[in-house]
Amino acid sequence: MSTLEIRDLHAAVTEADGTLREILRGVNLTVADGETHAIMGPNGSGKSTLAYAVAGHPKYTVTQGSVTLDGEDVLSMTVDARARAGLFLAMQYPVEVPGVSVSNFLRTAVTAVRGEAPKLRVFMKEMRGALGDLSIDPKFAERSLNEGFSGGEKKRHEILQMEMLDPKIAVLDETDSGLDVDALKVVAEGINRFRARPGHGVLLITHYNRILQYVQPDYVHVFVAGRIVEEGGPELAKTLEDEGYEKFTAAAGAKAAS
Amino acid sequence: MSAVSGAVETAPITSLHALRSADPGDFAVPTGREEEWRFTPLRRLRGLHSDAPLGQAGVRVDIDAAPEIDYAERIIAPADPPGFLPEDRVSARAYAAAGTAHVLTVPKEAVASRPTIIRVTGVSDEATAGHLVIDVRPFGKAVVVLDQRGSATYADNVEIGVGDGGELTLVSVAEWDDDAVQVSHHQATLGRDAKLKHFQITLGGSLVRVSPSVRYSGTGGDAELYGICFADGGQHLEHRLFVDHDTPNCRSRVVYKGALDGDDAHTVWIGDVLIRPDAVGTDTYEYNRNLVLTDGARADSVPNLEILTGEVVGAGHASANGRLDDEHLFYLMARGIGFEEARRLVIRGFFGELIGKIGVPEVADRVTEKIEAELA
Ligand SMILES: Nc1ncnc2c1ncn2[C@@H]1O[C@H](COP(=O)(O)OP(=O)(O)OP(=O)(O)O)[C@@H](O)[C@H]1O
Ligand SMILES: [Mg+2]
């Protein structure tokens, strides 16, 4: 059993001039294994901030609340310890790291997360299998991490890492954006393989119902102005796509004004 | 004190590199106020720049030459091609005191079957002068590794000639002991369509100052000058590049990367590129980037491009000093990789692009190992 619990989470971003600006205003969310949660919300509502705050990005400061994984305090862990504890973040904009090859990076990460180095031959086989599953050209293994990858290639590569690192809870931040239909299916299959195995939970951040047709969520949360304002089942995603967020943003605005 | 500094060269390059002479008396003893000397801590030079007697016993030179390459020792003869003419007092003093030169000749059209290794080992603290000649005759091709270690006070000149259509890769590695002092000048002359790939990898020594320069004697010459340096606490590592484009249609690329780690680690990079009026069709680009890993380290970086012709193919420069990128570290750490290891990966990646250009796996592997050792 694995559970990620986010309680009353407030977080602020450090802006370029060094000042803090509060973005998350009391997020409550529980993701247990076997569950898939979707978060949908307008641009700038703080979805990525939530993902980064949970992963421990240094630009984001938690000012209140708690995050636990199976009861362990995540917020007191270093970024790498969070990953080793079983959290994974597929980033909206994966970072290019010049001169670090994909295969070297993957092997180092797999070694860190599993606590021992896999045999080179076993690792190579596993990596080739994972590349094949996501229809990624094996030549990518020798390229610099994310450097010169197209948007879609970067996203597939994030899912590849998720499958190899095998976290308990994966947070996928707009992994569907920038994908054409074929790539979307490949990525969705990867997510479905991951969540079909026992002990895995998914928190999927998206703007579109499109990916949810391939990856059926159990719960849909509407995220507006730094918090969850509505929850429902998969049908909510459809309503959001048809009707937009106006109803919720207007309500949030009214609430803020009152 | 913090780390990043962009100085501005105050004199035009033409005047900075105007004086060349074999007579040490033609160069005044530097005071430290000269443009060419203002970054160098003269007190730590042990008199190399003033009047300390220079002998020949402080270093041992061992040559392991590829079978196609001729090796000889000979009395320095200024008139011989490819010709060396000192451009500062240390170089002129070394030239006058070295006596004999170690000469490697790649015969016409000969292609060396393996890298040639020149081992320079510092064996005593006697201030010593050295002279090395690498003469690649037309269409010859070779890889030479200059491997410098031990403890020494060393002023040396390296005279490089690449004849028409020749190709030379020279990998100079300064891996001196912590107390070593070296002032070194590499002067290269490229013939028509000749290619030089020059690497300066500076890791060890108390004070190392290397000045590689390139001139062209025929059109179509192509010089790539790459540098890697890693300065620990207290080290002063200085690289002064000069590319003198005086011949049409030649190309030059200068890419130097440095990392600084520790209190009072200091690196200096000067990139002088001069495109003279006759050098139409020149294509040049120079780039210097430094990773300042700790407070109290300082990287000075001065690109300087002077263009005296209106017709160039390309001429550019860039220089940047910075810290390790937090986004790089975060991405790696978010995959479970610990801080120290993430940092090593990023630094290794930073230098990896240049190491990849060496193109000789056995040499590249050794350089990688040396950098690993610096990172450990
Ligand atoms: N690193 C940062 N520096 C400055 N402001 C930031 C930073 N990260 C986020 N913000 C600000 O915080 C707010 C929330 O941004 P966030 O990226 O979390 O939104 P989002 O819901 O993920 O939006 P999108 O749908 O466009 O991805 C925005 O106003 C954004 O400008
Ligand atoms: Mg976002």
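Every number in this text was worked out from the coordinates using simple rules, so none of it is lab data. As the structure is a computational prediction, the values presented were derived from the model and not from experiment. As a convention, Cβ positions derive from the backbone with ideal geometry for all residues, glycine included, and neighbour counts pool all protein chains shown.
Here are a few things to note about the model shown:
- Taking other C-beta atoms within 10 Å as the exposure proxy, A:LEU24, B:LEU170, B:LEU203 rank B:LEU203, B:LEU170, A:LEU24 from fewest upward.
- Taking the fewest neighbouring Cβ atoms within 10 Å as the starting point, the ordered list for A:VAL110, A:VAL95 is A:VAL95, A:VAL110.
- Around the amide H of B:ALA231, modelled in the peptide plane, lie the amide H atoms of B:ALA259, B:LEU260, B:ASP261, all under 5 Å away and 5 or more residues distant in sequence or on another chain.
- Phi-based couplings in Hz for region B:222-229 (Karplus 6.51, -1.76, 1.60; Gly and Pro marked x): 9, 10, 10, 10, 10, x, 10, 9
- Averaged over the residues of A:86-98, the number of partner chain Cβ atoms lying within 10 Å of the residue Cβ comes to 4.
- Scanning chain A for GluC sites (Glu not before Pro) lying in DSSP loops with no more than 13 further Cβ atoms inside 10 Å, the longest uninterrupted stretch between such sites is A:117-258.
- Qualifying aspartates and glutamates (Cα of each under 12 Å from Cα of A:LYS155; at least 8 residues distant if same chain): A:ASP173, A:GLU174, A:ASP176, A:ASP180
- Cα→Cβ-extended label distance, 7 Å offset, between B:GLU35 and A:GLU241, nm: 6.6
- For chain A, the Kirkwood hydrodynamic radius comes to 18.9 Å, computed from all pairs of different C-alpha atoms.
- Sequence-distant lysines (8 or more away, or on other chains) whose Cα lies within less than 27 Å of A:LYS247: A:LYS47, A:LYS238, A:LYS255
- Counting Lys and Arg as +1 and Asp and Glu as -1 over every other residue whose Cβ lies under 13 Å from the Cβ of B:THR40, the net charge comes to +2.
- 222 nm mean residue ellipticity, helices alone, for the protein assembly as shown (DSSP H n ≥ 4; -39,500 (n - 2.57); rounded to 500): -7500 deg cm²/dmol
- With the convex hull drawn over the C-alpha atoms of the protein assembly as shown, the volume per residue is 182 Å³.
- Segment B:ALA22-B:GLU109, extension gain: residue separation times 0.36 nm, minus the distance between their alpha carbons: 28.2 nm
- Average projection area in nm² (convex hull over Cα atoms of region B:324-376, one quarter of hull surface): 3.8
- Chain A: DSSP helices with Cα axial extent of at least 20 Å and average Kyte-Doolittle hydropathy no lower than 0.0: A:181-196
- Net lengthening on full extension, A:ASP137/A:TYR208 (0.36 nm per residue, minus Cα-Cα): 22.8 nm
- Expressed per residue, the C-alpha convex hull volume of region A:106-152 stands at 88 Å³.
- Whole-Hz ³J(HN,Hα) from phi, Karplus 6.51 cos²θ - 1.76 cosθ + 1.60, for region B:86-101, glycine and proline x: x, 10, 7, 5, 5, 5, 5, 5, 5, 4, 6, 9, 5, x, 10, 10
- With Cα atoms as the point set, the radius of gyration and Dmax of region A:57-191 evaluate to 15.3, 46 Å.
- Long-range amide H partners of B:GLY221 with built H, under 5 Å: B:ASP193, B:ALA194, B:ARG251
- Overall form of chain B per C-alpha gyration tensor (a/c, 1.5; a/b vs b/c): rounded
- Sequence-distant lysines (8 or more away, or on other chains) whose Cα lies within less than 18 Å of A:LYS125: A:LYS139
- Exercise: per-residue mean of other protein chain Cβ atoms within 10 Å, A:137-148: 1
- Peptides B:263-274, A:214-225 ordered by average Cβ neighbours within 10 Å, highest first: B:263-274, A:214-225
- Here region A:1-16 is scanned for amide nitrogen atoms under 13 Å from the site 7 Å beyond the Cα of A:ASP218 along Cα-to-Cβ, giving A:1-4.
- Residues whose amide H comes within less than 5 Å of that of B:ALA127, counting only those at least five positions distant or on another chain, are B:GLY55 (H built at 1.01 Å from N in the peptide plane).
- Per-residue Cβ neighbour rank within 10 angstrom, fewest leading, A:THR239, B:THR116, A:THR78, B:THR128: A:THR78, A:THR239, B:THR116, B:THR128
- Using Cβ point charges alone (K and R +1, D and E -1), the dipole size of region B:324-376 about the Cα centre works out to roughly 80 debye.
- Estimated distance in nm for a label pair at A:THR14 and A:ALA251, the labels positioned 7 Å out from Cα along Cα-to-Cβ: 3.6
- With a cut-off of 9 Å between beta carbons, the residues surrounding A:GLY65 carry a summed charge of 0, where Lys and Arg count +1 and Asp and Glu -1.
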